[in-house]
Amino acid sequence: MKHFTNKEKDFSQGSVAANILRLAVPMTLAQLINVLYNVVDRIYIGHIPNSSTDALTGIGLTLPIITIITAFANLFGMGGAPLFSIARGAGESEKSGKIMGNSFSMLLISGIFLSAACYIFREPLLYLFGASRITYPYANAYITLYLLGTLFVMISLGMNNFINAQGFGITGMLTVSIGAVLNLLLDPLFIFVFHMGVRGAALATILSQCVSALWVLRFLTGPKALIKLSFKHMALSLSYVKEITALGLSGFVMSVTNGSVQIICNATLQHYGGDLYVGIMTVINSVREIVTIPVTGLSNGAQPVMSFNYGAKKYGRVKAAIKLTTIFSIIFTFVMWALIFFFPRIFIRPFSSEPELLKAGVPAMHLYFFGIFLMALQFSGQSAFVALGKSKQAVFFSLLRKAVIVIPLTLCLPAVGGLGTAGVFLAEPISNFIGGTACFTTMLLTVWRRLDDKKAA
């Protein structure tokens, strides 16, 4: 039975598409459910009587802090998982165990530091992020409780990568499913029945993340794991930490720059449009998270397959995985662009039914999501770079799209020709065109071409 299980997780055998989908489908469902942790909070909070827009805006102001916490989970989770898969593909089980153990230790250390730092500086941070006298109390109430569960977030989000990297996609899906379902049940109970408001949403989230974290630890230390998490592998090794950090920098930089963009967008929208437009950006961020889930799910599902086959020197299978990821991502995002363009109110109404927000939100959605299918090129190129250990390229293109393009445009465009808030929403499609095209073209000229050379050799 053990032999069968290991053979089933050998990504160098069978159909490439089947291997990817076996991971991608449950991972996509897992990410969809994971997004519900925060999106469900926003949906419920957006319908609190008499204060829905202010409360929703307040929650939106905490997103950069949550994004930064996610960034550190990606740094050590997504940084370690491809290295873990490459070592496993090469038959180096001991090295795989050490990589996983070092990733776990760094997740714990960074989680403790982040929780303390964000708590101490939460007031100046929230005002920096665009809070007003009206929205600050809501943001402060939510984030103060949320930070108590930082370690749970780090473990459940970061270490779940190692469950997926071993081929247990359904188990990885259950990690977030259990917590998200619990969150879905606890949110209305705490918010409306116990009248805890935004504090109830935060409490529901951290209790749910705690359950998810316990599930991850139980599996990775249990008998079903092909490579177990053990104390002997948790002693930090400088060489492993450097490798993990270098490769994880791509996902880290992407998350940090996303957080930076959220900060700049909120502050700029507060200046040009006030609390209403910060609330609209909260809705847009929520819709974007949902819309991009299938693309990120497929990209993340393809990465272990690419990494394993690269380690096993099956370069043709690596190329097949890249091709499948690219085609699906472009088609899916094009369809979503059409739906958002023609039916924007369907995407806004779950978060708010206030006429003022709907009226201003529709044109904002049209601008922000224009040409979103070009972002698929960024996902495809980025996943290939990360899966094959090309950390420098992955980091560069993460920085290019957000830090070099989006942030300057967000600051400058509102002042051009009186664009105002429209300039903020225009920055995203411009970055998708320039950054996505540059990333994918570079991947074709470097990684793709070298895979051809290695295959011929």
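On the given criteria, is Thr53 part of a helix (DSSP H, G or I) and either crowded, with 24+ Cβ neighbours inside 10 Å or over 21 Å from the mean Cα position of the chain (by Cα) (or both)?
yes
Does segment 152-166 contain at least one residue that is more than 20 Å from the chain's Cα centre (by Cα) and either part of a helix (DSSP H, G or I) or of a type outside the set (S, T, N, Q) (or both)?
no
If Thr175 satisfies every condition in (1) more than 30 Å from Leu411 (Cβ to Cβ); (2) at pLDDT 95 or above but one, which is the exception?
(2)
Tell me which of these Ser329 doesn't satisfy, since it passes every other one: (1) farther than 19 Å from Gly169 by Cβ; (2) under 21 Å from the mean Cα position of the chain (by Cα).
So Ser329 meets the others, but not (1).
Would you mind telling me which numbered condition in (1) touching a Leu at 6+ places or on another chain (Cβ under 9 Å); (2) under 23 Å from Ile163 (Cα atoms); (3) not small (Gly, Ala, Ser) Val278 fails?
Unmet condition: (2).
Picking from Leu220, Leu269, Leu214, which residue would you name as being among the hydrophobic types (A, V, I, L, M, F, W, C) and open to solvent by 10 Å² or more (accessible area, probe 1.4 Å)?
Leu214
Mind listing whichever residues of segment 235-285 are farther than 26 Å from Ala415 by Cα, of a type outside the set (A, V, I, L, M) and modelled with pLDDT of 90 or more? Break it down stepwise before answering.
Initial filter on segment 235-285 (farther than 26 Å from Ala415 by Cα): 235-255.
Add one more test, that the residue is of a type outside the set (A, V, I, L, M), and what stays is 237, 239-240, 242-243, 245, 248, 250-252, 255.
Across segment 235-285, the qualifying residues are Ser237, Ser239, Tyr240, Lys242, Glu243, Thr245.
Go through the residues of segment 99-107 one by one and say whether even a single one is more than 19 Å from Leu217 (Cα to Cα), of a type outside the set (Gly, Ala, Ser) and crowded, with 21+ Cβ neighbours inside 10 Å.
The answer is no; no qualifying residue exists.
Name the residues in segment 36-68 that are touching a Phe, Trp or Tyr at 6+ places or on another chain (Cβ under 9 Å) and hydrophobic (A, V, I, L, M, F, W, C), would you?
Within segment 36-68, Val39, Ile43, Ile45, Ile48, Ala55, Leu56, Ile59, Leu61, Leu63, Ile65, Ile66 meet the criteria.
Can you find a residue in segment 423-437 that is aliphatic (A, V, I, L, M), farther than 27 Å from Leu75 by Cα, in contact (Cβ under 8 Å) with a residue 40 or more places away in the chain and assigned to a helix (DSSP H, G or I)?
So far as segment 423-437 goes, yes, one or more of its residues are aliphatic (A, V, I, L, M), farther than 27 Å from Leu75 by Cα, in contact (Cβ under 8 Å) with a residue 40 or more places away in the chain and assigned to a helix (DSSP H, G or I).
Pairs, please: C-beta under 8 Å, at least 6 apart or cross-chain, first residue on the phi > 0 side of the Ramachandran plot and in segment 193-204, second open to solvent by less than 90 Å² (accessible area, probe 1.4 Å) and assigned to a loop (DSSP other than H, G, I, E, B)?
Gly197/Ile48
Taking segment 398-457, which residues are small (Gly, Ala, Ser), in contact with a Lys or Arg (Cβ under 9 Å, 6 or more places away or on another chain) and farther than 30 Å from Val278 by Cα?
Ala438, the sole residue that qualifies.
Quick one: Pro124 ticks every box in (1) more than 23 Å from the chain's Cα centre (by Cα); (2) open to solvent by less than 20 Å² (accessible area, probe 1.4 Å); (3) within 20 Å of Pro64 (Cβ to Cβ) except a single one, so which number is it?
Failed condition: (2).
Looking at (1) in contact with a Ser or Thr (Cβ under 7 Å, 6 or more places away or on another chain); (2) closer than 30 Å to Lys392 by Cα; (3) surrounded by 21 or more Cβ atoms within 10 Å (Cβ to Cβ), find the lone condition where His233 falls short.
Single failed check for His233: (1).
Go through Val283, Val253, Val318, Val295 for me and flag whichever is in a helix (DSSP H, G or I) and farther than 30 Å from Leu426 by Cβ. Before the answer, list the steps.
Values: Val283 fails: farther than 30 Å from Leu426 by Cβ; Val253 fails: farther than 30 Å from Leu426 by Cβ; Val295 fails: farther than 30 Å from Leu426 by Cβ.
Just a single option satisfies the conditions, and that option is Val318.
Condition first: in contact with a Lys or Arg (Cβ under 9 Å, 6 or more places away or on another chain) and within 23 Å of Ala387 (Cα to Cα). Can you find one or more residues in segment 158-166 that meet it?
The answer is yes, given that some residue of segment 158-166 is in contact with a Lys or Arg (Cβ under 9 Å, 6 or more places away or on another chain) and within 23 Å of Ala387 (Cα to Cα).
From the list Ala87, Ala73, which residue is at pLDDT 90 or above, in contact with a Lys or Arg (Cβ under 8 Å, 6 or more places away or on another chain), more than 22 Å from Gly200 (Cβ to Cβ) and in a helix (DSSP H, G or I)?
That would be Ala87, the only listed residue that is at pLDDT 90 or above, in contact with a Lys or Arg (Cβ under 8 Å, 6 or more places away or on another chain), more than 22 Å from Gly200 (Cβ to Cβ) and in a helix (DSSP H, G or I).
In segment 325-361, how many residues are open to solvent by 80 Å² or more (accessible area, probe 1.4 Å) and either touching a residue at least 60 places away in the same chain (Cβ under 8 Å) or polar (S, T, N, Q) (or both)?
Looking only at that region, the number is 1.
Would you mention how many residues in segment 346-360 are under 11 Å from Val283 (Cα atoms) and either in contact with a Leu (Cβ under 9 Å, 6 or more places away or on another chain) or assigned to a loop (DSSP other than H, G, I, E, B) (or both)?
7
Scan segment 19-44 residue by residue and report those that are at pLDDT 75 or above, more than 17 Å from Ser299 (Cβ to Cβ) and of a type in the set (A, V, I, L, M, F, W, C).
Residues of segment 19-44 at pLDDT 75 or above: 19-26, 28-29, 32, 39-44.
From what is left, the residues that are more than 17 Å from Ser299 (Cβ to Cβ) are 39-44.
Within segment 19-44, Val39, Val40, Ile43 qualify.
Taking segment 83-98, which residues are out of contact with any Asp or Glu (no Cβ under 9 Å at 6 or more places or on another chain) and open to solvent by 10 Å² or more (accessible area, probe 1.4 Å)?
Within segment 83-98, Arg88, Ala90, Gly91, Glu92, Ser93, Glu94, Lys95, Lys98 qualify.
Kindly establish whether Leu236 is aliphatic (A, V, I, L, M) and not in a helix (DSSP H, G or I).
yes
The values are calculated or read from the model by the stated rules, or taken from the named source; none is laboratory data. Note that the coordinates shown come from a computational prediction; the quantities given were computed from them, not determined experimentally. Quick reminder, even Gly has a Cβ in these numbers, built from the backbone with ideal geometry, and neighbours come from all protein chains shown. In case anyone asks, the SASA skips ligands and DNA or RNA and just uses the protein heavy atoms, side chains included. Shrake-Rupley method; radii C 1.70, N 1.55, O 1.52, S 1.80 Å.
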